[in-house]
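Single-structure report; data block below.
The values are calculated or read from the model by the stated rules, or taken from the named source; none is laboratory data. Predicted model, so just to flag it, every value in this text is computed and none were measured. Here the Cβ positions follow ideal geometry from the backbone for every residue, glycine too, while neighbour counts run over all protein chains shown. Note: accessible area is taken over every heavy atom of the protein model, side chains too, but ligands, DNA and RNA are not part of it. Shrake-Rupley method; radii C 1.70, N 1.55, O 1.52, S 1.80 Å.
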Amino acid sequence: MTKVISLFNIKGGVGKTTTTVNLAYASAKAGFKTLLWDMDPQGAASFYFRINNKVKGGFDGILNGTHAIADQVKGSDFPDLDILPADMSYRHMDRELDEVGKSPLKQMKKLLQPLFDEYDYVFVDCPPHLSEAVAAVIILSDLLIIPTIPTVLSMRTVKQLRKFISKEQKINTPFRILFSQVDSRRKMHKEMVAYFLEKKSKAICVNNVPVMSDIEKMGLVRAPIASFAPTHRAAKIYEGLFLEVVDCFLDKKLKSIAN
Ligand SMILES: Nc1ncnc2c1ncn2[C@@H]1O[C@H](COP(=O)(O)OP(=O)(O)O)[C@@H](O)[C@H]1O
Ligand SMILES: [Mg+2]
């Protein structure tokens with residue numbers, strides 16, 4: 001059965017896109033039929049796959065059915081990995097959903113579910129604000145990954161975000177926090193990661209992503225790191241992270257955001 005994983009944080013620059021791109025690649029590499037939806041109008045994930053951030057007819061077109069969503073999906077340069085590109089019109093998703101009048105969740109489900117059902121794994125690179133559309137996608141997801149830089153302030157933001165999502169939005173999608181851009185030369189990063197690993201907190205991914213200049217190179221090469229540096233440590237980390245995601249779905253105690 002399809003598993004949908006969204007990557008979201010209200011902070012920008014925390015590694016949402018980088019993680020989505022590399023996880024989707026690891027999933028396809030493992031032989032799973034994989035879709036990446038670049039939901040962020042900035043189109044960074046589409047850029048990494050050398051795909052135009054353009055959807056024919058815009059979000060309005062796919063929502064009202066003048067353009068079938070399945071026809072907007074592009075193949076990538078990699079087997080088993082498809083991309084539903086970003087589009088500038090995604091900035092107005094909430095307005096478009098509002099105009100139809102029905103609940104955003106119902107509309108998003110009707111629009112996305114048949115497409116998502118074609119895949120084993122779907123990864124959604126969310127924009128950094130909790131719009132109605134993003135909230136709907138998180139509700140439709142089987143797992144929410146929150147990439148976070150391990151600092152006190154970032155963790156405070158995550159705590160606020162979790163509270164908002166669970167208490168105010170009443171969303172109980174299971175979640176995992178992923179420490180990203182971890183700089184082992186920084187005392188706070190090291191201590192924060194060690195603290196949570198020691199606690200064996202189920203809410204934190206065991207794998208974390210160090211800050212590495214080769215990960216930044218993805219922007220120059222425009223490809224997932226494992227595709228151009230398969231033996232690189234980062235490639236192994238994303239592979240491990242993907243296996244951790246798969247494991248999550250086998251874990252009955254998967255922590256819900258409401259706990
Ligand atoms: N582990 C990492 N090491 C080095 N640079 C990184 C790493 N993860 C992300 N970056 C860089 O940080 C910037 C922001 O990352 P990105 O994934 O685009 O964040 P977001 O999608 O949350 O805004 C990008 O320039 C990216 O190349
Ligand atoms: Mg991004």
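Annotations for the structure displayed:
- Considering only the chain, percent of DSSP beta bridges that pair antiparallel, nearest 5: 10
- Among beta bridges that DSSP assigns inside the stretch 126-259, antiparallel share in %, nearest 5: 10
- The stretch 3-247: Cα Rg divided by the 2.2 N^0.38 Å rule of thumb: 0.98
- Amide H contacts of I177 (H built 1.01 Å from N, in plane; Pro and chain starts excluded): I146, I204, C205 sit under 5 Å, all sequence-distant by 5 or more or on other chains.
- Phi to ³J(HN,Hα) by Karplus 6.51 cos²θ - 1.76 cosθ + 1.60 over the stretch 20-30, Hz, x for Gly, Pro: 4, 4, 6, 5, 4, 5, 4, 5, 5, 4, 6
- Set of aspartates and glutamates with alpha-carbon distance to K187 below 17 Å, sequence-local pairs under 8 removed: E198
- Calculated [θ] (222 nm, deg cm²/dmol) that DSSP helices of n ≥ 4 give over the chain, each run adding -39,500 (n - 2.57): -12000 deg cm²/dmol
- Per-residue SASA remark: H129, around 100 Å² accessible (1.4 Å probe; ligands, DNA and RNA not included).
- Contour minus Cα-Cα distance for L250 and S213 (0.36 nm per residue): 10.0 nm
- For Y195 and D71, the FRET efficiency from 1/(1 + (r/R0)^6), where r spans their Cβ atoms and R0 equals 30 Å, is about 0.05.
- Trypsin sites (Lys or Arg not before Pro) lying in DSSP loop within the stretch 92-134, provided at most 12 other Cβ fall within 10 Å: K102
- Heavy-atom accessible area ranking, 1.4 Å probe, most first, across V100, V206: V206, V100
- Compared with the alpha-carbon gap, the fully stretched path from T231 to A203 is longer by 7.2 nm at 0.36 nm per residue.
- M88 accessible area, 1.4 Å probe, all protein chains in place, Å² to nearest 10: 110
- Among the protein heavy atoms of the stretch 152-259, carbon and sulfur supply 55% of the accessible surface, probe 1.4 Å, non-protein parts ignored.
- Cross-link reach is defined here as a Cα-Cα straight distance under 27 Å, omitting same-chain residues fewer than 8 places apart; for K74 the lysines meeting it are K3, K16, K29, K33, K54, K56, K106, K109, K110, K217, K236.
- Selection from L81, P41, I171, by position along the positive dipole direction of the stretch 3-247 (Cβ): I171
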